[in-house]
Protein chains: 2
Amino acid sequence: MKDVVVIGGGAGGVPAAIRAAQLGADVAIVDARDFGGLCMNRGCVPFRHMMVASDILGAVAFGKKVGLSFKGISKDYSVLKKRQDELIGFMRQGVISTIKKNNIELIDGKGKVTGKGKVEVNGKSISCKKIILATGATWVKPDFPEGDLEEVINSDELLAVDELPKRVLLFGRNPWLLEIAQFLHRFGTKVVLATPDKAILPEESKAIRTRLNKALKKEDIEIKKEAKITGASKGKGGLRVDLDSKEGSETVLVDRILYIERAASLKGLGLTSIGLDENKEYVEVNDKMETRAEGVYAVGDLTGPQSKHYSHFSFEGGIVAAENAMGLASSVNPMTFTRVLFTQPQVASVGLTPKEAKKAGHDVFVGAAPYGMNPYGMLLAENEGIVEVVGEKKYGEVLGVHFIGSNASEMAGQAILAIQLEATMEDLARASFPHPTLSESLAEAARDALGRHIYLP
Amino acid sequence: MKDVVVIGGGAGGVPAAIRAAQLGADVAIVDARDFGGLCMNRGCVPFRHMMVASDILGAVAFGKKVGLSFKGISKDYSVLKKRQDELIGFMRQGVISTIKKNNIELIDGKGKVTGKGKVEVNGKSISCKKIILATGATWVKPDFPEGDLEEVINSDELLAVDELPKRVLLFGRNPWLLEIAQFLHRFGTKVVLATPDKAILPEESKAIRTRLNKALKKEDIEIKKEAKITGASKGKGGLRVDLDSKEGSETVLVDRILYIERAASLKGLGLTSIGLDENKEYVEVNDKMETRAEGVYAVGDLTGPQSKHYSHFSFEGGIVAAENAMGLASSVNPMTFTRVLFTQPQVASVGLTPKEAKKAGHDVFVGAAPYGMNPYGMLLAENEGIVEVVGEKKYGEVLGVHFIGSNASEMAGQAILAIQLEATMEDLARASFPHPTLSESLAEAARDALGRHIYLP
């Protein structure tokens with residue numbers, strides 16, 4: 001009898017297993033594919049590696065402003081890919097050895113719940129006190145005409161190629177498309193980015209999404225909004241895709257369509273055996289990561305729509321599920337939920353946007369500080385950068401912070417701690433951040449919200 | 001009769017004047033040289049601009065790991081310098097217009113206190129209720145033999161040249177020397193860095209300073225410790241400098257010696273007229289930035305030794321002095337004092353080092369997470385990076401956080417907020433930082449301190 005069985009060895013499952021073992025549990029972790037999950041093997045990590053290269057090309061382009069010019073730039077994708085595969089292999093080994101070092105039983109196979117306290121893997125039944133489901137999400141089939149052509153690929157297929165395609169249409173709502181589009185564009189691929197929505201990153205505050213849009217357009221990345229693929233046909237010159245968008249109807253000639261929509265997959269997990277509905281969009285959980293079935297927790301991409309699919313959210317949920325499974329009282333903090341995008345400029349959104357804060361019934365006040373007015377921002381020519389803070393008037397509590405610019409993904413940490421520690425706008429306004437840094441703009445944005453900015457015009 | 005007269009228009013004086021004006025004061029600000037002070041005109045800003053260029057060269061060198069190679073790099077210092085001078089001019093105009101927009105009287109001239117509530121500028125006396133002294137520091141004369149040779153320069157003189165010197169000995173304790181050394185080295189100057197101390201950054205925690213030392217050595221920057229200049233003579237090939245160091249005696253041939261030690265200058269400020277001693281090392285103030293003379297505040301470099309000369313500390317003091325001068329009860333937070341260094345890797349130290357915390361009588365516990373074990377850190381090959389957290393055992397309160405690695409200066413903001421908001425190690429351990437970022441290592445370091453790290457071996 002195991003104390004805890006974790007099904008899924010990715011960004012949520014692995015920390016869940018380790019935390020449970022730390023708390024004294026006899027744990028088994030089951031994974032059908034590769035430990036580390038989508039994130040490490042075919043998601044966050046390889047894409048961030050591509051963005052490292054993409055950032056260097058951004059730095060090189062900036063170089064001429066400060067007297068640095070570069071001749072004969074050669075871009076060898078095979079070198080990048082080889083390093084990427086090696087690093088991922090190394091990280092995967094690290095995960096496996098950490099699991100083993102914690103005396104967790106590691107089972108290769110597809111795990112399935114067969115009843116209360118019962119998990120089946122490779123035809124063998126395991127009894128356990130608690131179950132943590134962490135199987136992630138799977139690819140959604142393209143819903144546009146000719147979506148089953150072999151030229152329509154997802155990011156697993158893109159990551160497998162040795163040579164980058166020459167012309168790519170990136171279609172859909174997944175924010176990763178923006179990162180991949182910028183990387184491909186900078187590496188020499190002709191890209192067209194097409195979203196069915198009215199704007200890219202429609203959930204972000206207006207200041208953020210319009211600035212990102214501007215930055216990408218300035219870089220000559222073509223963006224189509226309110227887009228719909230109405231047909232596609234293979235011809236001599238490539239794939240002819242009929243595209244409707246806000247700009248009208250047109251035919252674009254490409255080599256690949258990249259479509260990477262993902263959704264939680266509830267089928268085949270045995271949910272009905274414990275009284276859960278497998279026909280839902282995702283497994284519903286509370287802040288303790290408990291499902292409605294006693295003793296069964298769920299974490300990560302399995303528990304929300306694509307807009308919630310962030311590895312750090314899986315990690316947090318994994319820790320919380322393990323602690324609750326082992327009798328502690330632990331819960332995730334929905335106020336610090338963070339979205340990040342590793343484009344250049346980066347985007348990070350922590351907590352509520354002004355719109356969401358109003359919708360939640362708060363009496364909202366907002367402040368902002370553009371990086372174009374920040375000394376270091378001026379040195380970096382961060383004309384599209386800004387930080388926006390959202391607070392509620394009654395206690396002055398900070399509800400959200402939104403960044404676009406260099407290092408947004410690291411600066412998000414300031415906002416996460418501020419909200420987690422229930423900081424007020426006054427606290428942020430008084431924070432003594434180092435000079436010259438972009439962080440100074442966070443304090444200035446808070447001072448702006450309070451009507452006492454120092455250096456803003 | 002003015003409410004507040006601020007003497008000195010730099011990083012401390014300007015925010016002091018603006019904050020006082022915001023609180024309703026009739027304010028005058030006096031500066032003898034250029035508004036924006038050393039920091040904006042001849043310090044933090046131009047050096048950070050140089051580090052922007054230096055970082056690009058670092059990124060380019062890294063490029064080959066990810067398949068990016070360059071046939072030729074040309075480095076034109078005159079382009080960098082022109083942009084730098086233009087940006088500084090633009091920022092200075094911005095400061096002046098912000099001062100004017102706040103209806104602050106701007107006086108060009110050398111200000112001097114002549115008694116309680118009396119300031120003299122250009123032979124004219126101004127009466128006022130409160131005085132804020134913010135005149136900064138000045139260059140210390142070299143104390144080594146032949147220190148008055150014209151080849152011995154400070155950073156004002158370095159910033160004035162149109163062409164970088166070919167060979168430079170950087171001598172002294174000012175941490176800026178490390179930034180300048182790296183910039184010069186990357187731009188093609190042969191540099192020798194010599195410190196009288198036993199280590200570079202001797203005040204930093206051991207993990208940090210040894211890693212920085214290693215990174216600079218790996219880049220072939222020559223570092224001499226326990227160094228002393230025993231003589232110098234001009235010859236045909238340049239300046240022959242006799243240098244004693246831990247490694248023995250040697251003669252180095254250079255074009256310039258850069259020496260940039262700075263100290264508060266109390267002379268000529270009229271301090272004796274208000275009962276203050278002008279023969280001290282610096283003007284003593286309490287946490288309210290009050291001097292011992294009633295109604296007289298002092299802020300910034302004037303109030304501490306060189307190790308305290310940070311622009312953000314001046315800013316914080318300026319705001320606090322103005323608020324107290326206008327009747328509010330405000331104080332600086334000595335716990336969040338931060339040192340930063342914009343080398344690559346960057347260094348940032350917030351609060352107490354382990355040694356300082358023990359000395360202050362705390363029962364100390366420490367955790368660390370090397371970036372070599374962080375997924376993004378691995379992608380960046382951040383082998384020298386680490387974050388170290390220092391806490392006290394009784395309440396678990398965080399007392400200090402020390403970073404070396406990319407973005408340390410921005411990540412410092414997380415530590416500053418954590419300490420300001422009196423976070424515990426448990427709070428840091430639970431912070432849900434985005435993935436993949438270096439920030440994740442801050443939470444992991446806190447978990448390490450608590451004995452429950454997840455991914456560390």
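No value in this document is a laboratory result; all are computed from the given coordinates. Everything numeric here is computed off the predicted structure, so don't read it as measured data. All Cβ positions, even for glycine, are placed from backbone atoms using ideal geometry, and neighbour counts span all protein chains on display.
Comment: the Cα-to-Cβ extended label point of A:Asp148, at 7 Å, lies 9.2 nm from its counterparts in the other copies, nearest first.
The range A:325-387 and the range A:54-117 have Cα centres spaced 26 Å apart. For the range B:224-230, 3J(HN,Hα) computed residue by residue from phi via the Karplus equation (6.51, -1.76, 1.60; θ = phi - 60°) reads 10, 10, 6, 8, 8, 8, 9 Hz, glycine and proline entered as x. Remark: chain A carries a charge dipole of roughly 480 debye about the Cα centre, counting +1 on each Lys and Arg Cβ and -1 on each Asp and Glu Cβ. Take each residue in A:422-431, count the other chain C-beta atoms within 10 Å of its C-beta, and the mean is 3. Contact order for the range A:152-260, expressed relative to its length and based on alpha carbon pairs under 8 Å spaced 6+ residues apart, stands at 33 percent.
Normalised by the number of residues in the range A:324-436, the mean separation of alpha-carbon contacts (under 8 Å, six or more apart) gives a relative contact order of 27 percent. Qualifying trypsin sites (Lys or Arg not before Pro) in the range A:275-316, where qualification requires a DSSP coil assignment and no more than 12 other C-beta atoms within 10 Å, comprise A:Lys280. When the convex hull of its Cα atoms is viewed from all sides, the protein assembly as shown shows a mean projected area of 39.2 nm².
In a reduced charge model with +1 at each Lys and Arg Cβ and -1 at each Asp and Glu Cβ, the range A:336-449 shows a dipole moment near 260 debye about its Cα centre. Between identical copies, the spacing of B:Gly231 label points, each set 7 Å from Cα toward the C-beta atom, reads 9.2 nm from nearest to farthest. Normalised by the number of residues in the range B:80-142, the mean separation of alpha-carbon contacts (under 8 Å, six or more apart) gives a relative contact order of 14 percent. Any chance you could check the Cα centroid distance between the range B:149-228 and the range A:1-22 for me, in angstrom? Using only Cα atoms, the two centres lie 49 Å from each other. Quick check: from the Cα gyration tensor, does the range B:152-260 come out rounded (a/c under 1.5), prolate or oblate? In terms of gyration-tensor shape, oblate.
Measure up A:Lys65/B:Lys110; A:Lys141/A:Lys166; B:Lys71/B:Lys166; A:Lys124/A:Lys288; A:Lys118/A:Lys267 against 27 Å on the Cα-Cα distance and list the ones that go over. Distance filter (> 27 Å) returns A:Lys65/B:Lys110; A:Lys124/A:Lys288. Qualifying GluC sites (Glu not before Pro) in the range B:69-172, where qualification requires a DSSP coil assignment and no more than 14 other C-beta atoms within 10 Å, comprise B:Glu150, B:Glu163. Per-residue Karplus couplings for the range A:273-287, computed as 6.51 cos²θ - 1.76 cosθ + 1.60 with θ equal to phi - 60°, are listed in order as 5, 10, x, 9, 8, 8, 9, 7, 6, 7, 7, 7, 9, 9, 5 Hz, Gly and Pro entered as x.
Decide, for the range A:202-272, between rounded, prolate and oblate: order the square roots of the alpha carbon gyration tensor eigenvalues as a ≥ b ≥ c, take rounded if a/c falls under 1.5, and otherwise choose prolate if a/b is larger than b/c, else oblate. Verdict is oblate for the range A:202-272.
Since only B:Val364, B:Leu421, B:Phe342 are under comparison, the one whose Cα sits farthest along the positive direction of the charge dipole of the range B:336-449, derived from C-beta charges on Lys, Arg, Asp and Glu, is B:Val364.
Among the DSSP helices (H) of chain B, those spanning at least 20 angstrom by Cα along their long axis with an average Kyte-Doolittle hydropathy of 1.0 or more are B:44-63; this is a geometric and hydropathy rule only. Take B:Ser69, move 7 Å from Cα toward the beta carbon, and the resulting point lies 2.3 nm from the same point in each other copy, nearest first. In this structure the amide hydrogen of B:Val152, modeled in the peptide plane, comes within under 5 Å of the amide hydrogens of B:Ile257, none closer than 5 places in sequence on its chain.
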